[in-house]
Structure formats: C-alpha cells, structure tokens
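Accompanying notes for the structure given below.
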Amino acid sequence: MLENFSFRTIVEYLPLFGQGFAATLWLSIVSFAGALAVGIILCAMNLQRSRLLQLPAKIYIDAIRATPLLAQLYFLYFGLPRLGVVLPELIVGILALALNSGAYIAEIIRAGILSISRGQVEAGIASGMTYSQRMRLVILPQAIRVTIPPLLGQAIVLVKDSALLSLISVAELTRAGQLLASDRFMPAEGFLTTAACYLVLYYGLKSLAVLSARWLGVRPIGSRT
Amino acid sequence: MIEFRGVNKWFGALHVLKDITLSVEPREVVVVCGPSGSGKSTLIRCINGLETIKDGDLVVDGQRLGDRATNMTELRTEIGFVFQAFNLYPHKTALENVTLAPIHVRKIARGEAEASGREMLAKVGLGDKFNAYPSELSGGQQQRVAIARCLCMRPKIMLFDEPTSALDPEMISEVLDVMVGVAEEGMTMMVVTHEMGFARKVAQRVVFMDAGAVVETGTPEEFFSDPKTDRSRAFLSKILRH
C-alpha cells in the first residue's frame, strides 16, 4: 500500500503547502480579530436593557447559529454580487468567518460576564461606581479569565472552518491539498499533508491555551466562604 | 441622617416592608434584628438604593431617594455597605480592594489612597496582609478587609447586613471588635445582626422587625430585659437560649 504513496511528490509540493499554511494562519488571525470585534459589539448590545439594542443582536446570533457556515459563505460569495456588492474572494472569506464566529464569541463573552456573581456587581454599586466603572474594574477583569479557554476553543473551530474558503478558491491549506489531488491524482498525499498542517496549527493553539491557563492561574481567584 | 416615613415595598405580591417609619440620628448606632424573612436586610438595602421603595419617603443625608435631584451614585460614596458574603474583589489584593473605589470613584491620588489604605488595613489588624488575595484570607479576615474597604471612602454612614452570619464562630469576635471600634469613633451605623453582645455594648437602639413591619424599638437594655410584645419575647427566647 505504501509503495503507492509518493513522499517525493509531497516534497515537491511543499512550497505550495507552505504558502497555504501561511495563508490559513494569517487569514484565521484576521478573521478571529474581526470575530472578536463583532462578538464584543453583539454582546454589549445583548446585555443592554433596551429592547431596541437587544433584539437585533439576539436575532443575528440566532440566525448565524441556526444556519450552516457554508450557506452563509455562499450567500456572501454568490448572493452579494447580485445585490451589487462585489468583493474579492479573500475578503468575502474573512468576512464570512468573522461574522459567523462573532455570533459564537458573543455568547462566550456573555456567559463569562454572567458567571460573575451578583455580589460583585452589588459591591461595585455600593461603593459608588458607575456602570462603566463596574464593568471595567470589577466585572470584565474577572470575566476575561473565565472566557479565554473557550475563546481559544472557538479559535480552533475557526481555523478548521477556514477550510471552507477553498470552495470559493481562496488559496489556503485545503486548497493546496485539492491542487495536489487534482494535478497529480494524488488525493491521499494531498489531503494527508493538509491534515498534518492543521494538526500543527491545532497544537500551536492548544499550547497557547495551556500557557494562558498557567498565566491566569498565577493570580488566585475565587474567594473562600 | 436616615429617615423612613411610611415606606412600603413589595416583591410581587409579597409585602416585604410595611409602612416603616424610623429615623437614625447622626452618630447613632441602631441594631436591627428579627426572624429571617422579616425584611431587615431589605430595609437597609433600601438606604443605598440596592433596593428601591414603592411608596413613602426615605431621606438619607438630607437627600430624598427617588428624587430627580438626588444623585444615587454620589450619595452611595457617603454610605459604606458591608455584605454578609463579604463580596471582596477576588482578582485584587487586600490593598487593591480597599483603594479601588477611593482612586476611581473619589479620584484620590494613588499614593495617597494607598497610604490611607495601608493605615486602614493596619487598623483592622491586617497590617501584614496588604498583598494577600481574598482567597488566601480567612472569612474573618475577609470581612475585616471589607470593612476597611468601606472606611477608606470616609463615609458618613455605615450599613452592615448580617456581617458575622457567614463566619465560623471563632472569627465572629474579631469582626465585632472592629465594628465596636468604628462605632466608638462616632460613625452613624445601622447593623442587621443577632449579636446581642454587640447590641448591648454599642447600640443606642434596637429595632425589632417581623413580617415586614417594625414591631418594637427600644434601648438594648429595655429590649433585652423587658420586651414589650409576644413576638419579640418569642424571638428573644429562641436566640438567647443558645
């Protein structure tokens, strides 16, 4: 079986995979940054008392979570030009990932904020802090600690989701595998190499998660009662 | 300093404060007691607006709560509130806990706030715990930090909501000693507690509440030795039996 497996072709295609790896890495970083911005805005809207701000955020989050990312991507890629908005594939891809992941991130941040006990809010209120002071000094610093591990989990999901961009011919990792598969009829070599590259990215993010957990663990949290 | 006039409050259909009329003079120490669910916590939480009242007047430090002219955030800086569960900020050290509001709310310079924070922590007996996080402190130590946190704001009024109820018995006295010290310095205080020793020592008046109403008020002497109502007699017999 292995005699049919061409390591030489893989080596030949390594520069292509290198480019794909770099592309997946940086477009994931840009998308994740965008997703964080979208998530923070959505979460802020969702936590307001005003229905006018809360409702659009809730509808958006539900709509994104209820529909497949592929459908969202195709809507942006094929649908938007029909509505007169023509964007390069790469931008469409990053936009789709950021808008999609943003909805999940909004919920992750909200869960983090709501996990902070009512007593913390009341301590802030009682000492005369305004809403924004309480958020900035008391709630968010505690919420961020709870939020970082699931956020890194979401980052891993985003990296894997970025494979879908190969379908709109963005030159990333999965696309590199597809090229090897179709040029040389070597799908095993192509997609195994792609998978190996994702594994490297995954372990990179995972060790980041471990490091952050250790860093967050430096300061003890949680009061004994 | 604090004046309730015909105050009522409901939680849904539950009438939690019934026509409360009560006033606390400057430098007076008032102990509020009563069975659980009698509305005593709700009563003092109304004073700094953690709860809102439905009708009647509540005037604190010359300002009527609920008035447009009353800035609640500003008024709260004059009122210290000590919680049953301490509610220290777990991500901050003891010193950071006591300086956070002075720096950000009172806008006191950091150096100055830290100097008075250290002084205040030393005063409550925690001169060696400036850099300890709440999770590294015992319950009694945490509650003393919480009291120091209030005192650092130089409040005019201190409210205590069952400050020793969450503590192990051997830690109760270290917190009560600090509270006695605060009272002896002339602070206006309202204390929800069943610590009758504390009431006898520093309170000018004891208010007994039951089912949302003030049933009896009197000096600690009168209240403990000669309670006027059946309900207060029943209550006292339960808590003093132990």
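Selection of region A:1-35 for residues being crowded, with 19+ Cβ neighbours inside 10 Å and closer than 22 Å to A:Met135 by Cα yields only A:Ala35.
Screening the candidates A:Ile91, A:Ile144, A:Ile59, A:Ile148 for the property of being more than 29 Å from B:Glu74 (Cα to Cα), within 14 Å of another protein chain (Cβ to nearest Cβ) and surrounded by fewer than 19 Cβ atoms within 10 Å (Cβ to Cβ) yields one hit, A:Ile148.
So, in region A:94-132, exactly how many residues are of a type in the set (Lys, Arg) and within 14 Å of chain B (Cβ to nearest Cβ)? So that I can check it myself, show each step before the final result.
So the first thing to find is which residues in region A:94-132 are of a type in the set (Lys, Arg), and the list is A:110, A:118.
Remaining after also requiring within 14 Å of chain B (Cβ to nearest Cβ): A:118.
Residues meeting the conditions: 1.
Answer yes if at least one residue in region A:141-149 is in contact (Cβ under 8 Å) with a residue 60 or more places away in the chain, farther than 30 Å from B:Val82 by Cβ and part of a helix (DSSP H, G or I), and no otherwise. Break it down stepwise before answering.
Filtering region A:141-149 for residues in contact (Cβ under 8 Å) with a residue 60 or more places away in the chain gives A:142, A:145, A:148-149.
Within this subset, residues satisfying the condition of being farther than 30 Å from B:Val82 by Cβ are A:148-149.
Now restrict to residues that are part of a helix (DSSP H, G or I): A:148-149.
Within region A:141-149 (the criterion being in contact (Cβ under 8 Å) with a residue 60 or more places away in the chain, farther than 30 Å from B:Val82 by Cβ and part of a helix (DSSP H, G or I)), the answer is yes, since at least one residue qualifies.
Taken as a whole, the condition of being over 30 Å from A:Leu80 (Cα atoms) and part of a helix (DSSP H, G or I) applies to A:Ala123.
Rundown of residues vs (1) closer than 19 Å to B:Val7 by Cα; (2) hydroxyl-bearing (Ser, Thr, Tyr), yes/no style:
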{"position": "B:Asp210", "(1), (2)": "yes, no"}
{"position": "B:Thr229", "(1), (2)": "no, yes"}
{"position": "B:Ser232", "(1), (2)": "no, yes"}
{"position": "B:Lys238", "(1), (2)": "no, no"}
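Within region B:93-106, residues that are buried (at least 24 other Cβ atoms within 10 Å of the Cβ) have Cβ atoms under 7 Å from residues that are modelled with pLDDT of 95 or more and aromatic (Phe, Trp, Tyr) in these pairs: B:Ala94/B:Phe130; B:Asn97/B:Tyr89, counting only partners at least 6 apart in sequence or on another chain. When B:Val175, B:Val192, B:Val124 are checked against the criterion of being surrounded by 22 or more Cβ atoms within 10 Å (Cβ to Cβ) and in contact with an Asp or Glu (Cβ under 7 Å, 6 or more places away or on another chain), B:Val192 stands alone in meeting it. Of all residues in region A:170-177, at least one satisfies being surrounded by 18 or more Cβ atoms within 10 Å (Cβ to Cβ), modelled with pLDDT under 95, of a type in the set (D, E, K, R) and under 30 Å from A:Ile41 (Cβ atoms). Tell me yes or no: at least one residue of region B:25-35 is within 15 Å of the chain's Cα centre (by Cα), charged (D, E, K, R), modelled with pLDDT of 95 or more and not in a loop (DSSP other than H, G, I, E, B). Among the residues of region B:25-35, not one is within 15 Å of the chain's Cα centre (by Cα), charged (D, E, K, R), modelled with pLDDT of 95 or more and not in a loop (DSSP other than H, G, I, E, B), which makes the answer no.
When you look at A:Ser182, is it among the hydroxyl-bearing types (Ser, Thr, Tyr) and either more than 14 Å from chain B (Cβ to nearest Cβ) or under 29 Å from A:Ser28 (Cβ atoms) (or both), yes or no? Step through it out loud before you land on a result.
On the way: among the hydroxyl-bearing types (Ser, Thr, Tyr): yes; either more than 14 Å from chain B (Cβ to nearest Cβ) or under 29 Å from A:Ser28 (Cβ atoms) (or both): yes.
Yes: the conditions hold for A:Ser182.
Only one of the listed residues (B:Arg110, B:Arg106) is basic (Lys, Arg) and either at the interface with chain A (Cβ under 9 Å from one of its Cβ atoms) or under 23 Å from the mean Cα position of the chain (by Cα) (or both). That residue is B:Arg106.
Of B:Arg45, B:Arg118, all but one fail to be in a helix (DSSP H, G or I) and touching a residue at least 60 places away in the same chain (Cβ under 8 Å); the exception is B:Arg45.
The single condition among (1) free of Cβ contacts under 8 Å to residues at least 24 places away in the same chain; (2) crowded, with 21+ Cβ neighbours inside 10 Å that A:Phe185 does not satisfy is (2). Can you tell me which residue is surrounded by the fewest Cβ atoms within 10 Å (Cβ to Cβ) among those in region B:51-86 that are farther than 18 Å from B:Lys40 by Cβ, within 14 Å of chain A (Cβ to nearest Cβ) and charged (D, E, K, R)? This residue is B:Glu74. Considering A:Ala163, A:Ala98, the condition of being modelled with pLDDT of 95 or more, surrounded by 21 or more Cβ atoms within 10 Å (Cβ to Cβ) and assigned to a helix (DSSP H, G or I) is satisfied by A:Ala98 alone.
Residue-level check: of (1) under 21 Å from B:Leu43 (Cβ atoms); (2) buried (at least 19 other Cβ atoms within 10 Å of the Cβ); (3) touching a strand residue (DSSP E or B) at 6+ places or on another chain (Cβ under 7 Å), B:Lys228 misses just (2).
Only one entry of A:Ala171, A:Ala163 meets the criterion of being closer than 16 Å to A:Ala23 by Cβ and within 16 Å of the chain's Cα centre (by Cα), and that entry is A:Ala163. Among the candidates A:Leu208, A:Leu216, the residue that is farther than 30 Å from A:Thr9 by Cβ, of a type in the set (A, V, I, L, M), without any contact (Cβ under 8 Å) to a residue 60 or more places away in the chain and surrounded by fewer than 21 Cβ atoms within 10 Å (Cβ to Cβ) is uniquely A:Leu208. Candidates are the residues of region B:121-141 that are more than 18 Å from A:Ser127 (Cβ to Cβ) and in a helix (DSSP H, G or I); the one that is nearest to the other protein chains (Cβ to nearest Cβ) is B:Ser135.
Does A:Leu47 satisfy the condition of being modelled with pLDDT under 95, surrounded by 14 or more Cβ atoms within 10 Å (Cβ to Cβ) and over 19 Å from the mean Cα position of the chain (by Cα)? It is true that A:Leu47 is modelled with pLDDT under 95, surrounded by 14 or more Cβ atoms within 10 Å (Cβ to Cβ) and over 19 Å from the mean Cα position of the chain (by Cα).
Counting residues in region B:13-24 that are under 16 Å from the mean Cα position of the chain (by Cα) and surrounded by fewer than 19 Cβ atoms within 10 Å (Cβ to Cβ) gives one or more. Residues considered: B:Arg144, B:Arg149. Of these, the only one that is within 18 Å of A:Ala123 (Cβ to Cβ), buried (at least 20 other Cβ atoms within 10 Å of the Cβ) and more than 9 Å from chain A (Cβ to nearest Cβ) is B:Arg144.
Taking the listed residues A:Gln120, A:Gln142, the one that is over 18 Å from A:Ile41 (Cα atoms) and modelled with pLDDT under 95 is A:Gln142, with no other qualifying.
The values are calculated or read from the model by the stated rules, or taken from the named source; none is laboratory data. From a predicted model like this one, the values you see are computed outputs, not experimental measurements. When we count neighbours, we look across all protein chains shown, and the Cβ atoms used for this are built from the backbone with ideal geometry, even at glycine.
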